[in-house]
Amino acid sequence: MQEKHRNFLYTLLITFLGQSIIVVLLLLLGFSTGVLGSGDRIVVLQQEIRQLQEQVEKAGKRSYVNSHQLPVPVVFCGDTLDTDNIIIRERLEREFYLLLNEQAQIQLYLKRSARYLPMIEKYLKEAQLPDDLKYIAVHESALLPHVRSRANAVGLWQFMRATGRLYDLKINSDIDERREVERATAAAMWMFRDLKNILGDWPLVLASYNAGLGRVTQAMARQRTRSFFELSLPEETERYFFKIVAAQIVLSQPEKYGFYVENRDFFYNDSLENISYVVGLKRISIQELAGYFGLSAARLKAYNPQLINSHVPTGVINLKVPRSNYLLYEQNPERVEEYISGYVPQTDNSVDGLD
């Protein structure tokens, strides 16, 4: 406790007086009380003060939200926003400054980004869609594939049940592919292309993603405008586009706004193997299946969040397991012959990631 109190006192003194004055004060205090018995101790104190000063300076870089300004120009999905329009600028600055105030959440966004954004970027590139669309997943789910909203939207991209089924996602009492990040991401790419073909405008695409295509097109027809910025929509939808743009601004250049993540601190992926199984005869429990790979049930479900029941149904099921655990199973397949009638390893489609 004394150590914490001393560090806190040093921090306050450094903040208001500066390092040189503090060293003099400590020297005077030390010689008068006999605490400082050698030159070595003085050197140690100087080093501690420098370290604390660095911490104070680093924290100060993100202490004042009003010290940051919007970049000029603001470009999203290849289009430049008209920030000379005071209404547009105010709406964007509202979301920009509110996001900057969520320091803990931004730090978590950044740490999780190593786990999912490379995969999303790959899908966007293959679909010839703007890279900026990846920030929709950040805003929608905080990059948590198991999250469910109050409206019962689920997964990384927050699909409603009907929309998920429309885009070929399997959703039943055992499997919910809205939570399987690769399948859900493929569905999101499909949906983005559809909306862009219909609306031709990315702000309108994002508004439709949030509120539904029907509501947006009805508002366009009723209000006789094709400009998102001129439409009167529910407040959540009016703010949605600007929230995604704010996320793009901050997360694409986090250091500029005082956010730093060391390489060792990212939530990196495990190396996983995609495996297809045919479960025959009868269904098996998640716990039993996990045991075949030397995993806990919780760990298997973390790698496969689409498994929402306590059992695995009969039929073909796609799983992700760590490569090391898969190799362990491959060497001893007889362990599961009683329940698994066959398996086909997809070794050419292996993935790196806790998806």
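Here's the yes/no breakdown for (1) surrounded by 15 or more Cβ atoms within 10 Å (Cβ to Cβ); (2) over 23 Å from Phe267 (Cα atoms):
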{"residue": "Leu100", "(1), (2)": "yes, no"}
{"residue": "Leu124", "(1), (2)": "yes, no"}
{"residue": "Val138", "(1), (2)": "yes, no"}
{"residue": "Asn152", "(1), (2)": "no, yes"}
{"residue": "Gln158", "(1), (2)": "yes, no"}
{"residue": "Asp176", "(1), (2)": "yes, yes"}
{"residue": "Ala188", "(1), (2)": "yes, yes"}
Hits in segment 136-154 - residues which are of a type outside the set (A, V, I, L, M), part of a loop (DSSP other than H, G, I, E, B) and free of Cβ contacts under 8 Å to residues at least 60 places away in the same chain: Ser149, Arg150, Asn152
So, Ile120, is that one over 10 Å from the mean Cα position of the chain (by Cα), in a helix (DSSP H, G or I), β-branched (Val, Ile, Thr) and surrounded by 15 or more Cβ atoms within 10 Å (Cβ to Cβ) or not? yes
Any residue in segment 65-89 that is charged (D, E, K, R) sitting within a Cβ distance under 7 Å of a residue that is crowded, with 16+ Cβ neighbours inside 10 Å? List the pairs, counting only those 6 or more apart or interchain. Asp79/Trp202; Arg89/Thr83
Determine if segment 97-108 includes at least one residue that is part of a loop (DSSP other than H, G, I, E, B) and on the phi > 0 side of the Ramachandran plot. no
The condition from (1) farther than 30 Å from Leu272 by Cα; (2) more than 24 Å from the chain's Cα centre (by Cα) that Pro203 misses is numbered (2)
For segment 158-177, check the following and say yes or no: at least one residue is modelled with pLDDT of 95 or more, among the β-branched types (Val, Ile, Thr) and under 19 Å from Leu307 (Cβ atoms). yes
Result of the Cβ filter at 6 Å on segment 256-281, keeping first residues that are in a loop (DSSP other than H, G, I, E, B) and partners that are surrounded by fewer than 18 Cβ atoms within 10 Å (Cβ to Cβ) and of a type in the set (S, T, N, Q), at least 6 apart or interchain, is Gly280/Ser341
Taking the stated definitions as given, is Arg215 out of contact with any Asp or Glu (no Cβ under 6 Å at 6 or more places or on another chain), of a type in the set (D, E, K, R) and either at pLDDT below 95 or not in a helix (DSSP H, G or I) (or both)? no
Residue count, segment 292-336 (criterion: buried (at least 16 other Cβ atoms within 10 Å of the Cβ) and without any contact (Cβ under 8 Å) to a residue 24 or more places away in the chain): 4
For segment 196-206, how many residues meet the condition of being surrounded by 20 or more Cβ atoms within 10 Å (Cβ to Cβ) and under 18 Å from Asp131 (Cβ atoms)? 4
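The values are calculated or read from the model by the stated rules, or taken from the named source; none is laboratory data. Since the structure is predicted, the reported quantities are computational estimates derived from the model, not experimental observations. Neighbour counts are summed over all protein chains in view; Cβ atoms, including those assigned to glycine, are modelled from backbone coordinates with ideal geometry.
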